[in-house]
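Student: Before I ask anything, let me first share the structure, which is written out below as structure tokens.
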Amino acid sequence: MTRHSLEDWCRRMSERMWARQCFITQGCLDRYCLSASATPESKVVLYRAPPGYGKSVQVAFAANTRELELESVVYINTRSFPDSYGVNDSLFAALVLYQIEGVESWRTIKSDIDTIEALRNALCNAKKTIRICLDGIGEAKHTADLIEDLICETPSNVKFFIAPSRVGALARLSMMTGVVTYGADELVFTEEEVSELSGMGGPEASNIIKATGGWPALVRLMCQTPNPNLPAATWPETRSYFRDNLLTALPDSTRTFLCNAAMLEVISAECYGYVYKTEEADREITFLNEHYALLAPTGTSGDRMDMHPVLREYLRSLFNTTQRERRSYVLKRVAFWHWRRGEYLHSINAALEASDHRWARVVSDSIILDVALRQGEIEVLRTWFGKVPARTIKKIAALSIGYAWILYFSQQARQAEEILVSSLHPSSRGVGNLDEEGWRELVNAIGKATQDELLESQVLCQKWIDSFGDRNMVGKGAALTCQAFIASSGRHFEELERLSHRAAVAIQSSNQHYAFIWLKTAEIQAELFKGDIARAMSVLIQANKTAEKIQVPKTFLNKMFGTLELQICSGIVNLAT
């Protein structure tokens, strides 16, 4: 390329890129927490997140400067390059140099090597702060190597703002000092940002966050859709966005994998391989993580993945449309996979979605009682039981007892008592085994407390502990917690303290999630009765931390603790006034 043609190319590319920079930032939120000013000591700001999280917007905003005498800015967006033009490291260097110094610096350049060396010298000798903003960099290895060299060799006044072309590109940058990385967790919108962007405040902004998870692209779509009250996955705008901006960019095999994976309760290579009878899952998960980050690790082991709930719902609807005849079969395989592993809640969820109540006929005694009494998944089981024929429930003692527990905690005591009576029928399967551990008596004892028959409940709980406490630790934790809650309600604080210690031991040894929530509720309620608002807040904060650590299901946790937090905040306001 001649000097004149190189100059013309750099001019045309720069004009395209800066026009794109202006367009990208129009109507977008300049988020200070992710801006250049928020990280003055960093050498590199790196944006790594799935598509639609505003990485390009942040790089474009980083290219804005109001201090032309003190700063020079380079903005390179690789989407402006012609598809047929191979941009090597010397052309990249020429483009950066052109945006910093114009054509004057080229007078002595005679070769590609001279261009790169001239750029190195210009950056190393710069007196101004220079921001180099790069969007879509990472596919060409030589250019990536040059960028890493410039980062390592230039002084601190040369700063880089980079959104790689794929999530796993420029991997070595993440290991360097002076590199700040913003991922999906940092790039999601907050309620305050949604309010600023949309002009909607309070509950409306909160609803937007709940519906979209703060995914910036979905937030923008929700602000524009005429159907904001419908589920986000059903908006025509969302469906078009996912189809045109996500799925079409994926290879066919990866697109199929992602759609299939959405039908799993928890995504893992092992589960996917079992359900779909394939050995390709590991490869597809690795590819998705390196290029798009559409799957996020869940739990401590890192072998299980999850995807954004809105994307998951969209892909499920796509699966239901394109593979309707396979849907029930796939969900039943998912249910059986989790059942074999003792992950009963996932089994119930999958069977419920498959509309397969026949699964209840082969359920083991421990499954329903574990999910109901230990995990406390009242809402899920109530929905599931609503689809199981009454005659099936009456024939299986574990179903009868579990359903009675659900009804008691749904304030349907009369129906619960009728179900408990039916579980005594001699033909009911599994009666003997369940009676040995006192499950029916336990449900009856605690059920009395849900109907404010506190004295009778306390007596029955103690009787149950004396008879069955040594052989049923899950039940013991529940019975002691019930007694503790009764003590708290009666303001018997010394008795509450004694019972709380005993209950906590049983809860910890049996991993009793449901009892844990009720015990902490009793302790917080007691502090509120005493008027110790600060202590109540302290117990609540610690309880939330512990619940997250032991992975207590969030549905009931948020409901109970959310109500208590409102009470505490109300108490704080009253004290202030």
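Student: Please give the number of the condition residue 185 fails out of (1) under 16 Å from the mean Cα position of the chain (by Cα); (2) surrounded by 14 or more Cβ atoms within 10 Å (Cβ to Cβ); (3) part of a helix (DSSP H, G or I).
Tutor: So residue 185 meets the others, but not (2).
Student: Condition (residue is over 40 Å from the mean Cα position of the chain (by Cα), surrounded by 13 or more Cβ atoms within 10 Å (Cβ to Cβ), modelled with pLDDT under 90 and of a type outside the set (A, V, I, L, M)) applied to the range 88-99: is it met by at least one residue?
Tutor: yes
Student: I've got another one for you. Of everything in the range 268-322, what is under 14 Å from residue 334 (Cβ atoms), charged (D, E, K, R), without any contact (Cβ under 8 Å) to a residue 40 or more places away in the chain and part of a helix (DSSP H, G or I)? Give them in sequence order.
Tutor: Listed by number, the list holds a single entry, 270.
Student: Also, I was wondering about something else. Return only the number of the condition from (1) surrounded by 16 or more Cβ atoms within 10 Å (Cβ to Cβ); (2) assigned by TED's automatic domain parsing to the domain that holds residue 38 that residue 211 does not satisfy.
Tutor: Of (1) surrounded by 16 or more Cβ atoms within 10 Å (Cβ to Cβ); (2) assigned by TED's automatic domain parsing to the domain that holds residue 38, only one is false for residue 211: (2).
Student: For the range 353-365: of the residues being crowded, with 16+ Cβ neighbours inside 10 Å and in a helix (DSSP H, G or I), which is modelled with the highest pLDDT?
Tutor: Result: 353.
Student: Just a yes or no: is a residue in the range 148-161 free of Cβ contacts under 8 Å to residues at least 12 places away in the same chain, in a helix (DSSP H, G or I) and not charged (D, E, K, R)?
Tutor: Scanning the range 148-161 turns up no residue that is free of Cβ contacts under 8 Å to residues at least 12 places away in the same chain, in a helix (DSSP H, G or I) and not charged (D, E, K, R).
Student: On the basis of being in contact with a His (Cβ under 8 Å, 6 or more places away or on another chain), at pLDDT 80 or above and within 27 Å of residue 547 (Cα to Cα), does residue 350 make the cut?
Tutor: yes
Student: Filter the range 12-48 for residues that are touching an Asp or Glu at 6+ places or on another chain (Cβ under 8 Å) and aliphatic (A, V, I, L, M) and give the result.
Tutor: 29, 34
Student: State which residue pairs qualify: first residue of a type in the set (Lys, Arg) and inside the range 491-516, second residue part of a helix (DSSP H, G or I) in any location, beta carbons under 8 Å apart, and separation of 6 or more residues or different chains.
Tutor: Listed pairs, sorted by first residue: 491/526; 491/529; 502/480.
The rows are residues; the columns are (1) surrounded by 20 or more Cβ atoms within 10 Å (Cβ to Cβ); (2) among the hydroxyl-bearing types (Ser, Thr, Tyr).
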| position | (1), (2) |
| --- | --- |
| 381 | yes, no |
| 384 | yes, no |
| 400 | yes, yes |
| 403 | yes, yes |
| 450 | no, yes |
| 455 | no, no |
| 472 | yes, no |
| 479 | yes, no |
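Student: Spot the failing condition for residue 5; the list is (1) touching a helix residue (DSSP H, G or I) at 6+ places or on another chain (Cβ under 8 Å); (2) farther than 29 Å from residue 290 by Cα; (3) in a helix (DSSP H, G or I), and only one is missed.
Tutor: That leaves (1) as the condition not met.
Student: Next up: Read through the list (1) surrounded by fewer than 21 Cβ atoms within 10 Å (Cβ to Cβ); (2) in contact (Cβ under 8 Å) with a residue 60 or more places away in the chain; (3) part of a loop (DSSP other than H, G, I, E, B), then give the number of the only condition that residue 246 fails.
Tutor: (3)
Student: What number goes with the only condition from (1) under 20 Å from the mean Cα position of the chain (by Cα); (2) surrounded by fewer than 19 Cβ atoms within 10 Å (Cβ to Cβ); (3) not in a helix (DSSP H, G or I) that residue 192 does not pass?
Tutor: Going through (1) under 20 Å from the mean Cα position of the chain (by Cα); (2) surrounded by fewer than 19 Cβ atoms within 10 Å (Cβ to Cβ); (3) not in a helix (DSSP H, G or I) one by one, residue 192 breaks only (3).
Student: Only one of 36, 62 is crowded, with 18+ Cβ neighbours inside 10 Å, in the same structural domain as residue 170 (by TED's automatic domain parsing) and modelled with pLDDT of 90 or more; which?
Tutor: 62
Student: Quick one: is residue 144 surrounded by fewer than 19 Cβ atoms within 10 Å (Cβ to Cβ), more than 24 Å from residue 220 (Cα to Cα) and modelled with pLDDT under 90?
Tutor: no
Student: Could you figure out which of (1) within 26 Å of residue 295 (Cβ to Cβ); (2) part of a loop (DSSP other than H, G, I, E, B); (3) at pLDDT 90 or above isn't true of residue 180?
Tutor: Every condition holds for residue 180 apart from (2).
Student: Using beta carbons and a limit of 6 Å, which pairs, at least six apart or on different chains, have the first residue in the range 384-397 and under 22 Å from residue 435 (Cα atoms) and the second one surrounded by 22 or more Cβ atoms within 10 Å (Cβ to Cβ) and polar (S, T, N, Q)?
Tutor: 393/400; 397/423
Student: I would also like to ask the following. Looking only at the range 195-218, how many residues end up being closer than 17 Å to residue 30 by Cα and either within 14 Å of the chain's Cα centre (by Cα) or assigned to a helix (DSSP H, G or I) (or both)?
Tutor: Residues meeting the conditions: 8.
The values are calculated or read from the model by the stated rules, or taken from the named source; none is laboratory data. Keep in mind it's a predicted model, so treat the numbers as computed, not measured. No Cβ is skipped: glycine too gets one built from the backbone with ideal geometry, and neighbour counts run over all protein chains shown.
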